[in-house]
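The values are calculated or read from the model by the stated rules, or taken from the named source; none is laboratory data. As the structure is a prediction and not an experimental result, all values here were calculated from the model. Positions of Cβ are backbone-derived with ideal geometry, glycine not excepted, and every protein chain shown enters the neighbour counts. These accessible areas exclude ligands, DNA and RNA; they are computed on the full protein's heavy atoms, side chains included. Shrake-Rupley method; radii C 1.70, N 1.55, O 1.52, S 1.80 Å.
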Amino acid sequence: MSVTTASAAPKPKIWNDPFWRGLIVQGALLVVVLFLFAGAVINARNNMQARGIPTDFAFWDRPASFDINQTLIPYSATSPNSQVFWVGLLNTLLVAGLGIVLSTVIGFAVGAARLSTSWLVAKLAAIYVEGIRNVPLLLQIIFWYNVVLGNLPHPRQAAPFLDIAFLSNRGLFVPAPVFGPGSNAIWIALAIGIVGAVLFRIWAAKRQRETGQQAPVGLITTAFVLGLPLVAYLAAGRPIGVDYPHLKGFNFTGGQRLTPEFVALLLALTLYTAAFIAEIVRSGILAVPKGQSEAAAALGLRATPTRKLVIMPQAMRVIIPPLINQYLNLTKNSTLAVAIGYPDLFNVFSGTVLNNTGAAVQIVFMTMAVYLVVSLITSAVMNAYNARMSLRER
Amino acid sequence: MTRNRRPLLALATLALSASAALPGAAFAGPTLDAVKKRGELVCGSNPGIAGFGLPDDKGQWKGFDIEFCRAIASAIFNDPSKVRFTPLSAKDRFTALQSGEIDVLSRNTTWTQSREVGQGFEFGAVTYYDGQGFMVRKKLNVNSALELSGASVCVQQGTTTELNLADFFRTHNMKYESVVFATADEGLKAYDTGRCDSFTTDMSQLYGERTKLGNPEDHVILPEVISKEPLGPVVRQGDDQWFNLVKWTHYAMLISEELAVTKANVDEKLKDPNPEIKRLLGVEGDFGAGLGLGKDWAYRIIKNVGNYGEVFDRNVGAGSKLKIQRGLNALWTNKGLQYAPPIR
Ligand SMILES: N[C@@H](CCC(=O)N[C@@H](CS)C(=O)NCC(=O)O)C(=O)O
C-alpha cells in the first residue's frame with residue numbers, strides 16, 4: 001500500500017528538491033570559481049605582456065644553443081628547446097628508474113639481513129640503516145661527488161679493473177656490447193624463451209593444483225630465458241662483440257661511459273632510499289604473526305617455501321603502501337641533481353631553458369606537471385600490484 | 001638550498017604580483033618611490049667573484065659591481081650604506097629582477113638582444129667591456145683554446161658563457177664535454193678536483209676565480225677571447241625614470257673621471273669655473289629633477305664613492321690584487337670605449 005501512495009505523491013518544485021537544489025548551487029559556485037580563475041589568468045597574462053615577459057610557447061621550437069653531456073636521444077646545441085625537455089625527462093627517468101630497482105634490491109636484502117640470526121650480519125645492516133638515513137641526502141650526494149669521485153685519478157692514471165673497465169674523475173668507463181648482424185636471432189630467442197617460461201609456469205601451477213606434483217620451475221625457467229638466447233648466440237656465430245674503452249687525448253673513448261654526476265647521484269639516491277626500504281621490509285616481515293610460520297612448520301613446510309609462500313605474501317601487504325612513498329620520494333629527490341650538475345629535467349629545462357628564454361610560468365608549470373604525472377603513474381602501477389597482493393576472502 | 005626553491009618562489013611572486021587586484025600597480029609605479037619609502041636600495045649582486053662582488057671578512061660587500069649600487073644609493077640617500085645586497089646565482093638573477101625582489105641587478109651581466117627584448121629588461125650603461133676566456137692547468141701544455149678538442153669544460157648554468165662555449169666548439173668543429181654547474185663555486189671546485197680540463201667564464205672573472213684555486217700558479221689563462229661581453233646594470237622595462245637614473249649614475253662617474261673630479265677634490269671643484277663641472281656638480285642648472293633627485297645628485301656620487309677610474313682602480317685595477325688593465329674600459333680619450341653623453 002505505502003508503495004503506491006509514495007509514487008502518487010506530487011513532484012516537489014525543483015528548488016525544493018535537495019538533488020536539484022544541490023546541483024544548481026554547486027554549479028553556480030563552479031562558474032564563479034572558474035570565472036575568478038580565468039580572470040586571474042587573463043590579468044596575469046596581460047600584465048606579463050605589458051612587462052615584455054613571454055607568455056606563449058614560441059620558445060619551444062627555438063634553438064637551445066647549449067650543450068648537455070648526457071643525452072639518451074640525439075641532441076646538439078642546434079636542437080630546439082623541446083628536445084632539451086625530452087633529454088632532461090629521459091635523464092630523470094633513467095636515474096629514478098635505476099634508483100628504484102637498485103634501492104629495492106638493496107633494501108630488501110638489508111631489511112632481511114637486519115632480521116638475520118647472525119649477530120654480525122644483523123648489526124652491520126643496522127649500522128647501514130642508521131648511518132645512512134640520518135644524514136641529509138644533499139650532503140650524501142655532495143659527499144659521493146666531491147669526496148669520493150672527485151678524488152679519483154685523472155684518466156691517464158685511471159684505476160683499471162682487469163684493463164677492461166676504468167674508474168677516473170671523468171667517470172666510470174665500462175665495455176659496451178656491439179651488436180653485429182645476426183644478433184636479431186638472440187632477441188627473438190629471448191622473446192620465445194620468456195613466452196615459453198610463462199606458459200610452462202602456468203602449466204606447472206595447474207598441474208600442482210590438480211595432482212599435487214611439483215615441477216622444477218626455477219631450473220626450467222632459467223633454461224628458457226638464458227639457455228635459449230645462448231644457443232641462438234652460438235648458432236648465429238657469436239654476433240655480439242665488445243667495445244673496450246681506451247685512452248685517447250684528454251680522455252677515454254670507446255665503451256660506455258657513466259659520468260661522475262650520474263654515478264654520484266644514482267649511488268646517493270639508491271643507498272639513501274634503500275635504508276628506508278630496509279626498515280619497511282623489516283617491519284613488514286615482523287608484522288606477520290609468529291603463529292603463521294609455526295603453522296607452516298607444523299604442516300611440514302621447509303624454511304624456504306615457508307618464507308616464499310607464507311611469510312612474504314603476507315608481509316608484502318604491509319610493505320607495498322609505504323614502499324610506493326619511497327619510490328615517489330626517490331623520483332622527487334632526483335631534482336637534487338642540480339647540486340652536482342647532473343642534467344635532469346629540473347636542471348636543464350626549468351633551470352637553463354627558463355633562464356635563457358624567460359618563459360618562467362610556462363616552464364615551471366610544465367615541469368610540475370611532469371613530476372605530477374610521473375608520480376601518479378608510479379602510484380597507479382604500485383596500487384594495482386597492491387590490489388593483486390591484498391587479502392582476498394576465500 | 002635556496003637555489004632550488006628560488007624559481008618557484010619567484011614564480012609565485014611573479015604570478016601574485018601580476019594577478020593581484022592591483023593591475024599594473026607593481027610596475028607602473030616608479031621604482032624610485034618604492035626605494036625612497038623603503039629607505040634602502042635592494043641590489044642583486046654576485047654571490048662571490050673577487051673584485052666584482054664579494055663580502056669581506058667583516059661581511060661588508062666589496063667590489064666593482066657593488067660600488068655601482070653604492071653610487072645609486074649615494075645619489076638617492078647621500079649614503080652609500082643604504083643598500084641591501086641580494087646575492088644571486090647566474091640562473092636566478094633574472095627571475096629575481098622580474099619578480100621585483102630587487103630594484104636593480106648589478107652582477108656582471110651581459111647585455112644581449114634576447115635578454116633585453118625577449119625577457120622584458122633594459123640595459124643601458126656598459127660598466128665593463130669584457131669577453132670570454134679559458135683557464136687550463138699548466139701541465140696540460142695547451143697554449144691556445146684551439147687545442148682544446150676533446151676536453152671537458154666546466155661552465156656555469158644560465159650564462160652567456162654556456163652559450164658561447166657551444167658556439168666556439170661548433171664553429172671550430174671540435175668535440176668537447178660541457179659540465180654545467182648552478183654556481184661558480186661548484187664549477188670551480190669541480191675544475192680544481194680535475195673533473196674538467198678547462199674552466200671558462202668572462203676574462204675579468206677568470207683572474208678572480210684563479211685566486212680561489214688550491215694552487216693558482218698551476219693554472220694559465222689562454223690568450224683567446226671568444227666573445228663580446230658588455231656587462232652592466234639591468235632594470236625592468238616600464239620605468240623610464242628609474243632606467244635613466246641607473247644609466248646616468250654610470251655616466252656621471254665617467255664624466256667626473258673625464259673632468260678629473262675625484263672623491264678627494266670634489267669639494268674644491270665646486271668652485272671650478274669650468275661650466276661642464278658646474279653642471280655636473282649641480283652648481284649651475286638642475287639636472288637632478290628629471291631623475292627624481294636633487295641638484296647635487298652627481299656630487300653625492302663622487303663624494304661618497306668616487307669617479308669611474310677610482311672605482312675601477314681600487315676594485316679590479318692597479319690598486320687591487322687583480323691588476324686588470326683598463327684596456328677597453330679606458331676613457332674614449334685614452335683609446336678605450338668608455339664614453340658618456342654630455343650633461344646639458
Ligand atoms: N656575463 C655572463 C656570465 C656572468 C656570470 O654569471 N658569471 C659567473 C661565472 S664566474 C659568475 O659570476 N658566477 C657567480 C656565481 O653564480 O656564484 C652572463 O651575463 O651570462
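With a probe of 1.4 Å, find how much accessible area region B:132-227 has per residue, and write the answer as a whole number in Å². Don't jump to the answer; show the numbers that get you there.
Numbers: 3480 Å² over 96 residues.
Normalised by residue count, the accessible surface of region B:132-227 is 36 Å².
Could you give the DSSP H helices of chain B that reach 15 angstrom or more along their long axis (alpha carbon positions) and whose average Kyte-Doolittle hydropathy is no lower than 0.0? Before the final figure, lay out the partial values.
Details: long enough: B:2-19 (24 Å, 0.26); B:64-77 (19 Å, 1.25); B:160-171 (16 Å, -0.18); B:240-258 (26 Å, -0.34).
Counting only whole DSSP H runs, the qualifying helices are B:2-19, B:64-77.
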Contact surface B-A: accessible area buried, both sides summed, square angstrom, 1.4 angstrom probe: 4000
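From the Cα gyration tensor of region A:257-394, with a ≥ b ≥ c the square roots of its eigenvalues, which class applies: rounded if a/c is under 1.5, or else prolate if a/b is larger than b/c, or else oblate? Before the final figure, lay out each step's value.
Numbers: a/c = 4.42, a/b = 2.39, b/c = 1.85.
Prolate, because a/c is 1.5 or more and a/b exceeds b/c.
For chain B, which whole percent of the accessible surface, found with a 1.4 angstrom probe, sits on carbon and sulfur atoms? Could the numbers behind the result be given before it?
Working: 7290 of 13640 Å².
It is 53 percent, rounded to a whole number.
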Expressed in Å to one decimal, the Kirkwood Rh of region A:179-238 from all distinct alpha-carbon pairs is 12.3
In whole percent, and with a 1.4 Å probe on the protein chains, what portion of the accessible area of chain A is carbon and sulfur? 69
May I ask you to rank A:Val25, A:Val288, B:Val220 by accessible area, largest first, using a 1.4 Å probe over the protein chains only? A:Val25, B:Val220, A:Val288
Region A:87-106 scanned against label point 7 Å out from A:Val174 along Cα→C-beta; backbone N under 13 Å for A:98-99, A:102
1/(1 + (r/R0)^6) with r = Cβ-Cβ of A:Ala109 and A:Trp86, R0 = 56 Å, i.e. FRET efficiency to nearest 0.05, evaluates to 0.95
How far apart, in nanometres, would the label points at A:Ala297 and A:Ala387 be if each is projected 7 angstrom from Cα along the Cα-to-Cβ direction? 3.8
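Residues of A:105-112, mean number of Cβ from any other protein chain within 10 Å of their own Cβ, rounded to a whole number?
On the way: counts 0, 0, 0, 0, 0, 0, 0, 0.
Per residue, the number of nearby Cβ atoms from other chains is 0 on average.
How big is the charge dipole of chain B about its Cα centre, in debye rounded to the nearest 20, if each Lys and Arg gets +1 on its Cβ and each Asp and Glu gets -1 on its Cβ? Each step should come with its number before you reach the end.
Numbers: 41 positive and 40 negative charges, 78 e Å.
My answer is approximately 380 debye.
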Once you order the gyration tensor axes a ≥ b ≥ c over the Cα atoms, which shape class does the protein assembly as shown get: rounded for a/c under 1.5, otherwise prolate or oblate by comparing a/b with b/c? oblate
Test assert for region B:162-184: residues whose accessible surface shrinks by at least 30 Å² between chain alone and all chains, 1.4 Å probe, equal B:Glu162, B:Leu163, B:Ala166, B:Arg170, B:Glu177, B:Ser178, B:Val180, B:Phe181
Considering only protein heavy atoms, what per residue accessible area in square angstrom results for region A:126-285 with a 1.4 angstrom probe? 53
For A:Lys308 and A:Leu226, calculate 0.36 nm times their separation in residues minus their Cα-Cα distance, and state this gained length in nm to one decimal. 27.2 nm
Going highest first, how would you order A:373-383, B:227-237, A:290-300, A:58-68 by mean Cβ packing within 10 Å? B:227-237, A:58-68, A:373-383, A:290-300
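Could you work out the mean count of beta carbons from other protein chains within 10 Å of each residue's beta carbon in B:147-156?
Details: counts 0, 1, 2, 5, 3, 8, 2, 1, 3, 1.
Going residue by residue through B:147-156 and averaging, the value is 3.
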Please give the residues from region B:100-121 for which the solvent-accessible area of heavy atoms, probe 1.4 Å, is smaller by at least 40 Å² with all protein chains in place than with the chain isolated. B:Gln119
How far apart, in nm, are two points set 7 Å out from the Cα along the Cα-to-Cβ line at A:Phe200 and at A:Ser118? 3.1
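In deg cm²/dmol and to the nearest 500, what is the mean residue ellipticity at 222 nm of the protein assembly as shown if only DSSP H runs of at least 4 residues count, each as -39500 (n - 2.57), divided by the residue total?
Values: 26 runs with 354 residues, N = 738.
Only helices count here, giving -15500 deg cm²/dmol.
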Once both labels are modelled 7 Å past Cα along the beta-carbon direction, what's the B:Lys323-A:Val148 spacing in nm? 4.4
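Is the shape of region A:247-291 rounded, prolate or oblate, going by the alpha carbon gyration tensor and its root eigenvalues a ≥ b ≥ c, with a/c under 1.5 for rounded and a/b larger than b/c for prolate? Before the final figure, lay out the partial values.
Working: a/c = 9.23, a/b = 4.13, b/c = 2.24.
Since a/c reaches 1.5 and a/b is larger than b/c, the shape of region A:247-291 is classed as prolate.
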